[in-house]
Amino acid sequence: MASNQIKQSIKDIIPSYSGENSGRLSTYIDSLYNLSLRKSSILPNNAEIGRYHLCTYVIAEKFQTIFNLPEPDVTRIPIQPQVVLRLLTDFREMVNQMSAASTPTSSPKKRVVTPSKNASPSKQGLKQSGSPLKKLKAAAAAAAEEEEDDDEVNTTQSTSRKGHTASPFASGTNTFTKKSYKYDFKIVSLSDFITFCNTFYIPSRYTVQMLSTFYLHKHKFAKKTDWSLACGIVYTAYIRINHKLLRDKVGAKPEFMNLLLHYQKGGLSKSTLQSWCTLVEEWIRREPWVQEIEKQYMYGTEAMMETTLNNEYIGMIGEGWDLMERLGAMIHGEVLYQSDTQNEYFSTWSRRMIGDA
């Protein structure tokens, strides 16, 4: 069981979850994850990165009443929103197929006639079963038995009700209702931007300054999507913080761009994303936080010397001469020639100054 990934997916999908019954919830998520791997080893539309989040959302939705869980947040699934609804439908159907197999067919009295009655049936079932199918059956049976022990009703009423609510996986056609949500692909909220930065492990002290830059340039994207700007800002910070990794590891840069494409929710294509990242980096490369990242992660103390030399050069040749060099000018402030009249004026002025001294 990839416990770290499951814990992270629970934290993302149910941020306000207090942690009660986390062990059983993680077991159910892991079982559904393994079952989904058997059904489909690779999810379409580059959605494999969000498989754990899909499993967590479906399980949290299924067990919300039983475990008293908060409302799961579908917008935090790291998949393009236009793909999420279809994949959630597939995962729900995958769980619905388990209804008949997971519903207990005998009464509790007949099922619990064993010497080890005091032992936990859910733990025994999970230890003895190796496949995801058996784990889901055991989990459903354990949850059904706990509900029956809590209800003080006769066996006949309990058995008739069991087909509707006893098993968390024994659901009818009306159990899962498609929850329609409206996500604005153009807008990047404050929480979206911070989560986006945290996904790529940008230090928090830079995230605040990046956020200021984001809102400073946001008006330029009024008729576009804010995700173009957000991706460009994160791109600018990431390639500087991890410049050694991107330089030394083969394929690290394309892998980073693919992750950037997966986590953005603006529906950008790969070519559009690359273009905006290049443009935004050119816009903001002189921002103070960008230079601070370069000093700490790229150049260290050499950045200060480089900045000093650059300022001296600009002061010597004049502001704007670098643009003339780009346009092909062969003569600039560094090699300007003076006339004989100017040289004579300078020598006369210098003699007078020395004589006055």
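The values are calculated or read from the model by the stated rules, or taken from the named source; none is laboratory data. The shown structure was predicted, so the numbers you read here are calculated from the model rather than taken from an experiment. Here the Cβ is made from the backbone with ideal geometry for all residues, glycine too, and neighbour counts use every protein chain on show.
Look through the range 17-57, keep the residues that are among the acidic types (Asp, Glu) and more than 13 Å from VAL83 (Cβ to Cβ), and return whichever of them is nearest to the chain's Cα centre (by Cα). Taking the candidates together, the pick is ASP30. Of all residues in the range 186-197, those that are among the acidic types (Asp, Glu) have Cβ atoms under 9 Å from Cβ atoms of residues that are assigned to a helix (DSSP H, G or I), 6 or more apart or on another chain, in ASP192/THR75; ASP192/ASP226; ASP192/TRP227; ASP192/ALA230.
Remark: THR301 falls outside the filter, which requires a residue to be in contact with a helix residue (DSSP H, G or I) (Cβ under 9 Å, 6 or more places away or on another chain), under 30 Å from VAL208 (Cβ atoms), loosely packed, with under 14 Cβ neighbours inside 10 Å and at pLDDT 80 or above.
CYS277 falls short on exactly one of the conditions (1) modelled with pLDDT under 85; (2) part of a helix (DSSP H, G or I), and that condition is (1). Scan the range 213-263 for residues that are in a helix (DSSP H, G or I), over 18 Å from LYS295 (Cα atoms) and among the hydroxyl-bearing types (Ser, Thr, Tyr) and the total you get is 4. Contact map, the range 242-268: residues that are on the phi > 0 side of the Ramachandran plot paired with residues that are polar (S, T, N, Q) and modelled with pLDDT under 90, Cβ distance under 9 Å, separation 6+ or inter-chain. Pairs shown: GLY267/GLN80; GLY267/GLN82; GLY267/THR225.
When LEU37 is tested against the conditions (1) on the phi > 0 side of the Ramachandran plot; (2) in contact with a Pro (Cβ under 9 Å, 6 or more places away or on another chain), the lone failure is (1).
With respect to the numbered conditions (1) at pLDDT 85 or above; (2) surrounded by 11 or more Cβ atoms within 10 Å (Cβ to Cβ), which one is the sole condition not fulfilled by SER269? (2) is the only condition that SER269 fails.
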